[in-house]
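The values are calculated or read from the model by the stated rules, or taken from the named source; none is laboratory data. As the structure is a prediction and not an experimental result, all values here were calculated from the model. For neighbour counting, all protein chains shown are included, and Cβ atoms are generated from backbone atoms with ideal geometry for every residue, glycine included. These area figures cover heavy atoms from the full protein model, side chains too; ligands, DNA and RNA do not enter into them. Shrake-Rupley method; radii C 1.70, N 1.55, O 1.52, S 1.80 Å.
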Amino acid sequence: MTPLNLYDQQRRNLRRTTMLLVGFIGFLAFLGIGADVFLYWSGASPGIPVATIGALCLGGFSAWWSLKGGDKAILESTHATPIDLSDPKQRALDNVVEEMAIASGMPKPAIYVVPDPDPNAFATGTGPERSSLAVTRGLLDSLNREELQGVVSHEMSHVKNYDVRVMTVVAALVGSVLLISDWGRRGLWWGGGRRDDRENRGGSGPMMLILFVLWVISLILAPLIAQLVAMAVSREREYLADASGAELTRNPLALASALEKIDAAAAPTASIKQGVAHLCIEDPRGRSVNQSEGAFANLFATHPPIAKRIALLKEMAYQTLSK
Amino acid sequence: MAAFGGCLLVLIGVAVVVALWAVFRYNNLVSLKNQVANAWKQIDVQLKRRHDLIPNLIASVKGEMQFEQDTLEKVIQARNSAVAARGVADSAEKENQLTQTLSRLFALAENYPTLKANENVRGLMEELTSTENKIGFARQFYNDLATRFNTAQQIFPDNLIAQAFKFQTVELFEITAPAEREVPAVDLNIRPK
């Protein structure tokens, strides 16, 4: 087993959150400045860079908001309800989460149940001090205690190494980039019709034209770029969460068999929206991209192929046995 | 004269750096020591919970499991001697005996479908299973921390600090069930017979 240093991973995640925030806000600023130049060019500028200020405010607000209340919004979007201890299965879930909290030396996260028959689970929050863990009803019904432990350990690892913080911020920022580029394209469409009566202002040299073309291209590609970033950020950490989860339970086979069961229930998880996909233990969209390998599939999947994850976990179990 | 002053400055600088390093390493050891102590307390919390749960479980299965009086007695005895145990080694041994008698009781309970259908008993079983797991995970966490604490005391040059301030390495939990401890007999004929 490759030795994993959790503390390095934590530091890397905290640094990465900052880098992502700066990168996304820079991208938003670029979209905003482009819009202002376009406004100026078409003679409709009110004199102050409204679009830049607007884009930056929206980006800054959504980043701040994602850290303040992003977890609650995500939970609400999936209709998750707080755990009900009178139900024996949820009682067992509560116990399993407490066991994993003890094993990892973390405070126990808040637990939610999503009323959906498809097995899936996700964690959200800003780190060990503030985290929530949600599982679907289908997961509780289809997994045994050990498998449930495996899934919970995987999610708790996401919490412990601050994956949840990165992912929650990414979810909010991707959302605001989508919103802005949507507005921008609409404005372009709408503004395009009036371009005939614009007078040629001094600033439109070839340099300006290149910048403008670049801006239009990035406006069109923005949603794609934003989602590619979210997916790339999410994929590699699934392997890591599998590994550190197995390190907590010392039982990689239970997680492997849980993943097999989750995989076998191929139906999409209806209550989990696209924006939360990258948080889940397995892609809730039930798409086939996550099952195949290759550069193209790799680019669009939020999760690595599940067969590969299972194989890696089994290998881990074999190494423990043969030690 | 200037050279002497320069040397003095360098010496003072080195001394300050060394002192700062020592303070930093000392604090690291103290923090680890407290974390280990806290992890130890967490094990106690779970053991206490197990002691509290067992009488309830026995009371609710007693009626159904009349033919297993012997096993029930053993669980109660093991529980009482675990409660009375003093000292780390003694307590560890008694708790391990309790774990073994409990797992025997759990295995026997499988033969009583009416017991498994009883919601109260099932709830208690779940609580006890979970407590067993929590004890295991609390020990695992303690072992992880204790290993870090011990390593921090033994690596050079931190061991100088550890020795100067008389830090002591702590003991780890070990598997005490004889079957689990058994090492497969591999004779490589290296040792003289």
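Scanning the stretch A:68-87 for any residue that is open to solvent by 30 Å² or more (accessible area, probe 1.4 Å), within 14 Å of chain B (Cβ to nearest Cβ), without any contact (Cβ under 8 Å) to a residue 24 or more places away in the chain and not hydrophobic (A, V, I, L, M, F, W, C) turns up at least one such residue.
Once the stretch B:158-187 is narrowed to residues that are among the polar types (S, T, N, Q), modelled with pLDDT of 80 or more and within 30 Å of B:Ile135 (Cα to Cα), the residue that is nearest to the chain's Cα centre (by Cα) is B:Thr169.
Of all residues in the stretch A:57-67, those that are surrounded by fewer than 21 Cβ atoms within 10 Å (Cβ to Cβ) and either of a type in the set (Gly, Ala, Ser) or touching a helix residue (DSSP H, G or I) at 6+ places or on another chain (Cβ under 6 Å) (or both) total 2. At least 1 residues being basic (Lys, Arg), at negative phi and in contact with a Pro (Cβ under 9 Å, 6 or more places away or on another chain) is the threshold, and among the strands (runs of 3 or more DSSP E) wholly inside the stretch A:99-162 those reaching it are A:130-136.
Considering (1) closer than 20 Å to A:Leu253 by Cβ; (2) open to solvent by 20 Å² or more (accessible area, probe 1.4 Å); (3) away from every other protein chain (no Cβ under 14 Å), the lone condition that A:Pro119 does not fulfil carries the number (2).
Only a single item in (1) of a type outside the set (Phe, Trp, Tyr); (2) part of a helix (DSSP H, G or I); (3) within 21 Å of B:Arg49 (Cα to Cα); (4) open to solvent by 70 Å² or more (accessible area, probe 1.4 Å) is not met by B:Asp70, and it is number (3). Go over the candidates A:Met100, A:Met156, A:Met106 one by one and state the one that is open to solvent by less than 60 Å² (accessible area, probe 1.4 Å), within 14 Å of chain B (Cβ to nearest Cβ) and free of Cβ contacts under 8 Å to residues at least 60 places away in the same chain. Selected residue: A:Met106, the only one of A:Met100, A:Met156, A:Met106 that is open to solvent by less than 60 Å² (accessible area, probe 1.4 Å), within 14 Å of chain B (Cβ to nearest Cβ) and free of Cβ contacts under 8 Å to residues at least 60 places away in the same chain.
Figure legend. Inter-residue proximity from the stretch A:34-63: first residues on the phi > 0 side of the Ramachandran plot, second residues surrounded by fewer than 16 Cβ atoms within 10 Å (Cβ to Cβ), beta-carbon distance below 6 Å, spacing 6+ or different chains. Indicated pairs: A:Gly43/A:Arg198.
Among the residues of the stretch B:111-157, write down those that are hydroxyl-bearing (Ser, Thr, Tyr) and away from chain A (no Cβ under 12 Å). Passing the criteria: B:Tyr112, B:Thr114, B:Thr147, B:Thr151. Criterion first (charged (D, E, K, R), open to solvent by less than 10 Å² (accessible area, probe 1.4 Å) and either closer than 16 Å to A:Tyr162 by Cα or within 14 Å of chain B (Cβ to nearest Cβ) (or both)) does A:Glu129 satisfy it? No, not satisfied.
All conditions but one from (1) open to solvent by 80 Å² or more (accessible area, probe 1.4 Å); (2) at pLDDT 85 or above apply to B:Ala22; the one that does not is (1). Among the conditions (1) more than 14 Å from chain A (Cβ to nearest Cβ); (2) among the aliphatic types (A, V, I, L, M); (3) open to solvent by 10 Å² or more (accessible area, probe 1.4 Å), B:Val61 misses just one, which is (3). Regarding B:Arg86, is this residue basic (Lys, Arg) and assigned to a loop (DSSP other than H, G, I, E, B)? So B:Arg86 fits the description; yes.
Sub-7 Å Cβ pairs linking a first residue in the stretch A:251-272 that is free of Cβ contacts under 8 Å to residues at least 40 places away in the same chain and crowded, with 18+ Cβ neighbours inside 10 Å to a second residue that is of a type in the set (Gly, Ala, Ser) and in a helix (DSSP H, G or I), at least 6 apart or interchain, number zero. Return the pair list, or none, for Cβ contacts closer than 9 Å from residues in the stretch B:22-51 that are under 27 Å from B:Gln163 (Cβ atoms) to residues that are part of a helix (DSSP H, G or I) and among the polar types (S, T, N, Q), at least 6 apart or on different chains. Pairs that qualify, where the first residue is under 27 Å from B:Gln163 (Cβ atoms) and the partner is part of a helix (DSSP H, G or I) and among the polar types (S, T, N, Q), are B:Leu29/B:Gln153; B:Leu32/B:Gln153; B:Ala39/B:Asn143. Go through the stretch B:25-57 and give me each residue that's modelled with pLDDT under 90, open to solvent by 70 Å² or more (accessible area, probe 1.4 Å) and over 18 Å from B:Ala92 (Cα atoms). The one that is modelled with pLDDT under 90, open to solvent by 70 Å² or more (accessible area, probe 1.4 Å) and over 18 Å from B:Ala92 (Cα atoms): B:Asn56.
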